[in-house]
Amino acid sequence: MILRKVLPVMMIAVLLAATACTKSQDARGQEEPSTKAVEEGPKTPVEITFYSSSKEPLFVEAVRRKFPDYTIKYIQKGAGFSFPEMIASNQTFDIYVESARTYARDLLGAKLEMDMTDLAAKHQVDLSRFDKNGLDQMRSAGGLYGLPIYGSGMALYYNKEIFDRFGIPYPKDGMTWEETYELAKKLTRVDDKSYYGYWIKTKSYLRKNQYSLPFVDMKTEMALINNEKWKKTIETVYEKFSSIEGMEGKFGTQWPGSDVFYKNKDVAMYLTDSDMHQGVKEMRDMKWDMVSVPTFNDAPRIGPQIMYTYLGVPSFSKHKDEAMKVIQYLTSDEFQMELSKQGFLTALNNQDIQNTIGQDTVDKDKNLKAIYYNPFAPSGPTTKYDEYVIEDGIDNVALRELVNKKTDLNTMIRKAEELANQSIQKNKN
């Protein structure tokens, strides 16, 4: 997930401080990171353009400070700048900032990807430093088309005030789905208003499912969701909770957003992306914390997958080496440590960096390490058709009908598969 939310001024200052050169760090006697910071930019001005679907993240400003000889531009997808429009108008960019599935859908779909293995080797980037899941997630699409900069996990947030109101002990790290279900039943009740024990950010969990289930069979290019593991996942995580007495009518034609947790304050436990709290001012005024995502009995101590945001150089970039220097800096130990301190999941397999998560934020006293409590599930295969299965197949109509008791599980799965295959065929070209 991209840094899409506005962070407090203090956090911005820390991120910008991360751009201080390594020479000044050496003067303080600190150990150099395992991958040295990038050399300063060339004397000849070079323009590096980022392109992404989200608003300009703070790390772009850090790049401007680190590379004063580069002109750094940022283009956000939108009217006139959609991916097909960019390509059709021959506009180019040098660094693509997206998830692996968006890479697969867009760059691979347009045959504009570039495997960065040789480019990384040329710049002496040590790939063994990265979380294996982050590299595997991208490589499953066919090649190393980008390097991860940070990840988004999941966590079970909870509102302490609702638990205190009903005298129910807080949830704990390591709970199973069955234990969470029993807890949700106790918290779904009417007092001064209706309270709901649990809800979930729907598509995020589908993408990060704990069984690492694929969405598409690439041999047949057909949806791969009509199987027992997918049925168990949807039944356990969605259908069962929606069947709790008192949950009826909660879902409607649109999924409740995260504001049911921090604005309405009527959901006791909310399973969502692990960075939901960042920059959300309403959460400063509530008593909340988080615990690990519940686990399946047949997959103990397995958390959700982590979805990474990648920085990739497309094949048409005219400044591949300069773009790689920027990516090398953003994935250095130096900058990754600063990102972790601001609460973002590092892309590196460095325990020391992981242990600093959130240390420089107002939420440093929260149980942020719950994100790492269970090992992340292995990354499932990534294809260019995954989002069509998620958006148009499972989530569009079928799952909503299931939780609103308009259909049964088997019918829902068949309908989701049919809708997904229709979308795949429609979007193949």
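For region 356-372, how many residues are closer than 9 Å to residue 343 by Cβ and not in a loop (DSSP other than H, G, I, E, B)? Final tally of qualifying residues: 1.
If I ask for residues that are modelled with pLDDT under 95 and under 17 Å from residue 46 (Cα atoms), which ones from region 77-95 would you list?
Step one: list which residues in region 77-95 are modelled with pLDDT under 95, which gives 77-93.
Those that are modelled with pLDDT under 95 and under 17 Å from residue 46 (Cα atoms): 91, 92, 93.
Within region 22-76, being modelled with pLDDT of 95 or more, more than 25 Å from residue 100 (Cα to Cα) and of a type in the set (Ser, Thr, Tyr) holds for 70, 71.
Residue-level check: of (1) farther than 25 Å from residue 164 by Cβ; (2) in a helix (DSSP H, G or I); (3) open to solvent by 10 Å² or more (accessible area, probe 1.4 Å), residue 284 misses just (1). Exactly one residue out of 196, 205, 211 is crowded, with 22+ Cβ neighbours inside 10 Å and of a type in the set (Phe, Trp, Tyr), and it is 196. Each residue in region 191-203 was checked for being more than 22 Å from residue 233 (Cα to Cα), touching a helix residue (DSSP H, G or I) at 6+ places or on another chain (Cβ under 9 Å) and of a type outside the set (D, E, K, R), and 1 of them qualify.
Taking region 44-76 only, how many residues are in a loop (DSSP other than H, G, I, E, B), of a type outside the set (S, T, N, Q) and open to solvent by 40 Å² or more (accessible area, probe 1.4 Å)? If you could, list the steps in order and put the result at the bottom.
Just the residues of region 44-76 that are in a loop (DSSP other than H, G, I, E, B), to begin with: 44-45, 53-57, 67-69.
From the residues that got through so far, the ones that are of a type outside the set (S, T, N, Q) too are 45, 55-57, 67-69.
Restricting the remaining residues to those that are open to solvent by 40 Å² or more (accessible area, probe 1.4 Å) gives 45, 55-56, 68-69.
Qualifying residue count, region 44-76: 5.
Looking across region 227-255, the residues that are open to solvent by less than 20 Å² (accessible area, probe 1.4 Å) and out of contact with any Lys or Arg (no Cβ under 7 Å at 6 or more places or on another chain) come down to 230, 233, 234, 237, 238, 241, 242, 247.
When region 416-429 is filtered for residues that are open to solvent by 70 Å² or more (accessible area, probe 1.4 Å) and assigned to a helix (DSSP H, G or I), the ones remaining, listed by number, are 418, 422, 425, 426.
Here is a yes/no grid of residues against (1) assigned to a helix (DSSP H, G or I); (2) among the hydrophobic types (A, V, I, L, M, F, W, C):
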{"residue": "213", "(1), (2)": "no, yes"}
{"residue": "234", "(1), (2)": "yes, yes"}
{"residue": "240", "(1), (2)": "yes, no"}
{"residue": "245", "(1), (2)": "no, no"}
{"residue": "250", "(1), (2)": "no, no"}
{"residue": "256", "(1), (2)": "no, no"}
{"residue": "260", "(1), (2)": "yes, yes"}
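I'd like to verify a number: residues in region 170-190 that are part of a loop (DSSP other than H, G, I, E, B) and either surrounded by 21 or more Cβ atoms within 10 Å (Cβ to Cβ) or in contact with a helix residue (DSSP H, G or I) (Cβ under 7 Å, 6 or more places away or on another chain) (or both), how many? So that I can check it myself, show each step before the final result.
Initial filter on region 170-190 (part of a loop (DSSP other than H, G, I, E, B)): 170-175, 188.
Adding the requirement that they be either surrounded by 21 or more Cβ atoms within 10 Å (Cβ to Cβ) or in contact with a helix residue (DSSP H, G or I) (Cβ under 7 Å, 6 or more places away or on another chain) (or both) leaves 170-171, 173.
Total meeting the criteria: 3.
So which residues in region 287-332 are assigned to a loop (DSSP other than H, G, I, E, B) and among the aromatic types (Phe, Trp, Tyr), if there are any at all?
Here is the first cut: in region 287-332, the residues assigned to a loop (DSSP other than H, G, I, E, B) are 287, 292-294, 297-298, 300-306, 313-319, 331-332.
Matches in region 287-332: 316 only.
The residues of region 337-373 that are polar (S, T, N, Q) and open to solvent by less than 10 Å² (accessible area, probe 1.4 Å), listed by number, are 340, 342, 346.
The values are calculated or read from the model by the stated rules, or taken from the named source; none is laboratory data. All figures in this text were calculated on a predicted structure; none of them were measured in a lab. Note that we place each Cβ from the backbone using ideal geometry, even for glycine, and neighbour counts take in every protein chain shown. Just so you know, the surface numbers come from the protein's heavy atoms only, side chains and all, with ligands and any DNA or RNA stripped out. Shrake-Rupley method; radii C 1.70, N 1.55, O 1.52, S 1.80 Å.
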